[in-house]
Amino acid sequence: MKEKVTGIYYGGDYNPEQWSEDVWQEDMRLMKKAGVNFISLGIFSWALLEPKEGIYVFDWLDRILDLLYENGIRVNLATATAAQPAWMTCKYDDILPVSKDGLKLSYASRQSYCPNSPSYKKGVERLVRTIATRYKDHPALSMWHINNEFGCHTSECYCDTCAHAFREWLKTKYVTLDKLNMAWGTKFWSQYYYSWEEICAPKTSTTFINPSMVLDYKRFMSDSLINLYLAEKKIVNEITPDIPVTTNLMDAFKPIDYFKLAKDMDIVALDSYPDPSNPNSYHTTPLQYDLMRGLKNGKPFILMEQAISHVNWRPVNAAKKPDQMRLISYQTIARGGDGIMFFQWRQAQRGSEKFHSSMVSHNADENARGFREVCKLGHELSLLSELKGTSSRNKAALVFDFDNWWALEGEGKPSSLTTYMSLMEKYYTALFNLNIGVDVVPTDTDLSQYDIVIAPNLYMIKPGTKEILENFVHSGGTFICSFFSGIVDENDGAVYGAYPGPLSNLLGIYVEEVSPLNADETYNISYDESPYNCTLWSEKVHLKEASSIGHYESDFLKNSPALTVNSFGSGKAYYVSTLPEDSLLEKLLSQIANEKGISQALSVPKGIEVVCRYSDLKQYIFLLNHSLEDQFIKLPDSMTYFDMLEQKTVSQGLTLSPKDVKILKC
Ligand code: GLA
Ligand code: ZN
């Protein structure tokens, strides 16, 4: 692959077709002033590029590509497939998606296509081939931006085309109806199928729909969206084999198995819009960055979109405070970001997003705070080129699995309060507060590089997971798993014999019964002879080989184990049968980290985030001040560091004002 942008990618979505060409000239001046080197172009341009079926108009795109190139700016060229033209929707009746309730959605918005629509797919194939052929040798072309945020507005469709495609997907998966009936448990509620044609899409029904079917529909829809990506990627790869291909992902986005999608992405890209007024977002959002890095086994990613300040799609759209955008940008870079991009370059004058902040705002004032911050960051990033491609070296991992997410949150569970991401975030926050770097990994990965592996929930155990976890612990690793794990197989069929099923040996326990707590209910537990609260869930745990390290003090569970540890081979496996209050989770994880010799890169006061990236020879320590006060950081006596943002050496210690960032090289 050709790397055409040296240094950190910096820029944003650019929609020049909304502006006259004299504005383009001003854009070039301002982009250079801001240090922009990379622009995403043409994302929503289909209607202008193909005014009539098979007739293409490229003159404006030719001109802007030339202009950008002349100004030293490289292009992340979109395939423009995220919103089909109105003429196409009107002409073909298989394009508009159908909601779960059977409502055919209308258009005049965006992404209003069924992911299995033959007409949409045919139009895409023709458009992508035409764009790729036209620009294959354009020197500005540096990356392909396939579609836009797959699944963002239409993540599921329930039309007849999709129902048919679902049946074909099921035939490939199960081959025989017998196997499908068995996997879905269709002897229940008279759901048995005698012919493939009887199987429908799981539209809204009378009450709970067969959970195994719903799970398969989620997998099928995720595959349908991934297939759209793959179809486009195949075309651009054929025509421009050296140009890297990406698409912009959206945080931990439930509808698509991003681990599966990312296998075919040359570089992962993320759109991230944390609510600037949410006081928790600084310690939950970085989970998304760690996930993005984890999608390709530690490879860096690009922050493809973020807001300069406010968005326009929340009920109240808080502005980012001075320096907040900079702090968030560095938080991203610290965790593997190789690019900082924005939605969007110039604030729209018309349309639904005209009140979304942009690099150049409605007031078009280059002295406005937003643009000044954009220029400052652009200048700083130009000093940080050597960070590009550097990696993380974390010793802790968090297991993340889309099948588990889908299955855990299906209908008919013991508690609908148990949500996958909230458990992830609880464990993640504890690690974040301890400044323990963590990789987010799938269930089928090699864990040997880690000392600690945490699965906040493993409701579903897929084939192979048990062995991977047992091998990891057997060879000395520490595994921590929390409640309602080891419950079902990959088809959402419950294990028979005791919970936690395949994890029983590893954890050395069995669970006799589960007892979820109401939203306002709290139990007490005792750990290290101190009392703590716990919420959400409780279980009657019995010890086999494991020992109890904390017990319930409440109700019928009084004195029964709440937290256990089991020695297994040379390692240890912990079980946490409830959701402990934050301080207990932090205490437990800190004790385990100490035992494993994992510590933060520098010792810092509370409120300072410490994260490292590494090249072969250098360590880059990021210090980020999330607190509201100045913070003094004492540096180890014998060490001298290079402060990359100030471009000077430092030793002894340094002070960080609120929201400030330092990057120390050693
Ligand atoms: C998404 C889209 C952009 C824009 C922004 C606004 O990330 O990809 O086109 O709509 O949201 O926040
Ligand atoms: Zn459909």
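Structure data summary
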quantity: Accessible heavy-atom area order of 105, 287, highest first, probe of 1.4 Å; calculated: 105, 287
quantity: Inter-label distance for residue 168 and residue 365, nm, one decimal - labels placed 7 Å from Cα along Cα-to-Cβ; calculated: 5.7 nm
quantity: Given 395/587; 299/388; 100/233, the pairs whose alpha carbons are separated by over 20 Å; calculated: 100/233
quantity: Residue 632 accessible area, assembled protein chains, probe 1.4 Å, Å²; calculated: 120 Å²
quantity: Solvent exposure, largest accessible area first (probe 1.4 Å, DNA, RNA and ligands not counted), of 167, 613, 129; calculated: 129, 167, 613
quantity: Phi-based couplings in Hz for the range 362-375 (Karplus 6.51, -1.76, 1.60; Gly and Pro marked x); calculated: 3, 6, 6, 9, 6, 9, 5, 3, x, 5, 5, 5, 4, 5
quantity: Of all accessible heavy-atom area on the range 306-354, the percent that carbon and sulfur account for (1.4 Å); calculated: 51 percent
quantity: Rounded accessible area of residue 189 (nearest 10 Å², 1.4 Å probe); calculated: 140 Å²
quantity: Highest-first arrangement of 522-535, 67-80, 644-657, where packing means the average Cβ count within 10 Å; calculated: 67-80, 522-535, 644-657
quantity: Inter-label distance, nm, simple model (7 Å from Cα along the C-beta direction), residue 179/residue 474; calculated: 2.8 nm
quantity: The chain: calculated mean residue ellipticity at 222 nm from DSSP helix runs of at least 4, using -39500 (n - 2.57); calculated: -9000 deg cm²/dmol
quantity: With all protein chains modelled, accessible area of residue 362 [1.4 Å, Å²]; calculated: 100 Å²
quantity: Spatial separation of Cα centroids for the range 249-297 and the range 449-474, in angstrom; calculated: 22 Å
quantity: The range 220-359: translational diffusion in µm²/s, Stokes-Einstein, Kirkwood Rh over Cα pairs, 37 °C, 0.692 mPa s; calculated: 203 µm²/s
quantity: Derived scalar couplings ³J(HN,Hα) [the range 244-260; Karplus, 6.51 cos²θ - 1.76 cosθ + 1.60; whole Hz; x for Gly, Pro]; calculated: x, 10, 9, 8, 8, 8, 10, 6, 7, 9, 4, x, 10, 6, 5, 4, 6
quantity: Projected-area mean, the range 145-293, by convex hull of Cα positions, square nanometres; calculated: 11.8 nm²
quantity: Listed residue (656, 611, 628) projecting farthest to the positive dipole end of the range 608-665, Cβ model; calculated: 611
quantity: Reciprocal mean inverse distance between Cα atoms of the chain - Kirkwood radius, Å; calculated: 26.7 Å
quantity: Placed amide H near residue 397: partners under 5 Å, 5+ positions off or other chain; calculated: 439, 452, 453, 454
quantity: Over 18 Å [Cα-Cα, the range 608-665], rounded percent; calculated: 29 percent
quantity: Mean separation of Cα contacts under 8 Å, 6 or more apart, over the residue count of the range 396-595: relative contact order %; calculated: 20 percent
quantity: Listed pairs 121/173; 33/136; 234/263; 320/354; 52/121; 321/665 exceeding 19 Å between Cα atoms; calculated: 121/173; 33/136; 321/665
quantity: Partners for residue 648 among aspartates and glutamates (Cα-Cα distance below 18 Å; same-chain residues under 8 apart left out); calculated: 380, 386, 637, 660
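The values are calculated or read from the model by the stated rules, or taken from the named source; none is laboratory data. All values reported here derive from a predicted model rather than from experimental measurement. Quick reminder, even Gly has a Cβ in these numbers, built from the backbone with ideal geometry, and neighbours come from all protein chains shown. What goes into the accessible areas is simple: the full protein's heavy atoms, side chains included, and nothing from ligands, DNA or RNA. Shrake-Rupley method; radii C 1.70, N 1.55, O 1.52, S 1.80 Å.
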